[in-house]
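Contents: one structure, followed by commentary.
The values are calculated or read from the model by the stated rules, or taken from the named source; none is laboratory data. None of these values were measured; they are calculated from a predicted model. Backbone-built Cβ (ideal geometry, glycine too); neighbour counts: all protein chains shown.
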Amino acid sequence: MRDLKAVGKKFMHVLYPRKSNALLRDWDLWGPLILCVTLALMLQKSSVDGEKDGGPQFAEVFVVVWFGAVTITLNSKLLGGNISFFQSLCVLGYCILPLTVAMLICRLVLLAGQGPINFMIRLFVVAVMFAWSVIASTAFLADSQPPNRKALAVYPVFLFYFVISWMILTFTP
Amino acid sequence: MHAAGLAAPAGTPRLRKWPSKRRVPVSQPGMADPHQFFDDTSSAPTRGYGGQPSPGGLGYPSPSSSHEAPFLADPMSNMAMAYGSSLAAHGKELVDKNIDRFIPVTKLKYYFAVDTVYVGKKLGLLVFPYLHQDWEVQYQQDTPVAPRFDINAPDLYIPAMAFITYILVAGLALGTQDRFSPDLLGLQASSALAWLTLEVVAILLSLYLVTVNTDLTTIDLVAFLGYKYVGMIGGVLVGLLFGKIGYYLVLGWCCVSIFVFMIRTLRLKILAQAAAEGVPVRGARNQLRMYLTMAVAAAQPLLMYWLTFHLVR
């Protein structure tokens, strides 16, 4: 129960990114795991016809998310940041929350059928959530780098969330 | 010898994690961070929760207001905690000792000592190397200066990021042609990596055969060979936006630039000092070295084209 409350508190911190240390100080990996599993489940193509074109499988989403997070963390450490490995993983995982919300919204919007307006709405939603994710994670991660290297540490984060947004945007059930 | 930049001292026992988990087994060296990368720099040893400190599964029926008193009063958990933390410290030392054998971490840190200004200038240099005059790397008491201070020094940030961006852009390009599937990304990644490895091995072999006395390390070589991915990304992106004409134009420009860049950089490393200053030195060895430099530089545009032409239709 207490851990659930901690996870919920961190979700709130991601949604309203303020200058607080809560995500960094008491890291845990439950939140990222829940988010990753949710995202992977929703992104799975319902391939009842046996062909696997288009949608990623469950394992692929998992691999992309976790390897991407590990790569960004390694990059951040090598650039000389003073954030620990698991703290960075925690922050990156929790900041997938806006994109998971975007996935839910996209799923609902797709129930109304496909078409260019549909696509525009989804594009807008995913773009907004992508920006939110990047801003939230840079609010936590950029502090660990000296100012002349912030952009270098943020660029891979940008790429990471871009890949996830791309997977969400191109999802068709 | 660990890099001085990382904050937490070695072997810090992770006291603060134990009171918070409900039923944590006592000896968990895997939970502790076994590598200097994984140092836990988070502070705050106290937690705000009404602690339930039951590491051995002994139940404390009600959360107490201060989590410290019942925790330390139990000698079993005390001993268990000490044992666990000593195991963690031991494991960490072991990994730290061995990881340096496989991955030279401190050497790698040199290649990542970059900053935004350096990256910007270097990218400009990769695309337009024609006006740059001085290609020597500055030294400071026998060690080369960090890339942050000298634009000629090689770094690994740009090649690594360019490689990853190239794979993603390749996935994007394949996606717009409806040929995308996520395992293709993995295929692209491994094929590009295989070509890079092949290049590095071939060049190292030829350097060995020509018996060149050079201070070109393997990591330097990987860095130089990784710079071509920047041009490839540019070509593919423009190709996606403007079609084949744009792709050929930009790729052609980047090929020539990389050719000039490589020649000017490698000339200083491979050729003898006299030849590098432009004075032609006779002799078969210098000729061989010159041919080697030209071959390496000429291989770059070829590979750039080979790895991207199937992405742009």
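Going by what's in this entry, would B:Pro61 be described as modelled with pLDDT of 80 or more, more than 14 Å from chain A (Cβ to nearest Cβ), exposed (fewer than 13 other Cβ atoms within 10 Å of the Cβ) and over 27 Å from the mean Cα position of the chain (by Cα)?
No, not satisfied.
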Show me the helices (runs of 4 or more DSSP H) entirely contained within segment B:86-198 in which 1 or more residues are more than 30 Å from B:Val256 (Cβ to Cβ) and either of a type in the set (S, T, N, Q) or away from every other protein chain (no Cβ under 11 Å) (or both).
B:105-111
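Just to be sure, is A:Arg149 buried (at least 20 other Cβ atoms within 10 Å of the Cβ) and without any contact (Cβ under 8 Å) to a residue 60 or more places away in the chain? Break it down stepwise before answering.
Numbers: buried (at least 20 other Cβ atoms within 10 Å of the Cβ): yes; without any contact (Cβ under 8 Å) to a residue 60 or more places away in the chain: no.
So A:Arg149 does not fit the description; no.
For the subset of segment B:99-115 comprising residues that are buried (at least 16 other Cβ atoms within 10 Å of the Cβ) and at pLDDT 80 or above, which member is farthest from the chain's Cα centre (by Cα)?
Start the filter on segment B:99-115 by keeping residues that are buried (at least 16 other Cβ atoms within 10 Å of the Cβ), which leaves B:105, B:109-115.
Pick out the ones that are also at pLDDT 80 or above and you get B:109-115.
Numbers: B:Lys109: 9, B:Tyr110: 11, B:Tyr111: 8, B:Phe112: 7, B:Ala113: 11, B:Val114: 12, B:Asp115: 14 Å.
Going through the qualifying residues, I end up with B:Asp115.
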As an exercise: evaluate A:Phe67 against (1) crowded, with 16+ Cβ neighbours inside 10 Å; (2) within 14 Å of another protein chain (Cβ to nearest Cβ); (3) of a type outside the set (Val, Ile, Thr) and give the number of the one condition it does not meet.
(1)
Using the structure shown, decide if B:Val212 is more than 26 Å from A:Thr172 (Cβ to Cβ), more than 14 Å from chain A (Cβ to nearest Cβ) and modelled with pLDDT of 90 or more.
no
How many residues are farther than 23 Å from B:Tyr110 by Cα and of a type outside the set (Ser, Thr, Tyr) when one looks only at segment B:152-198?
25
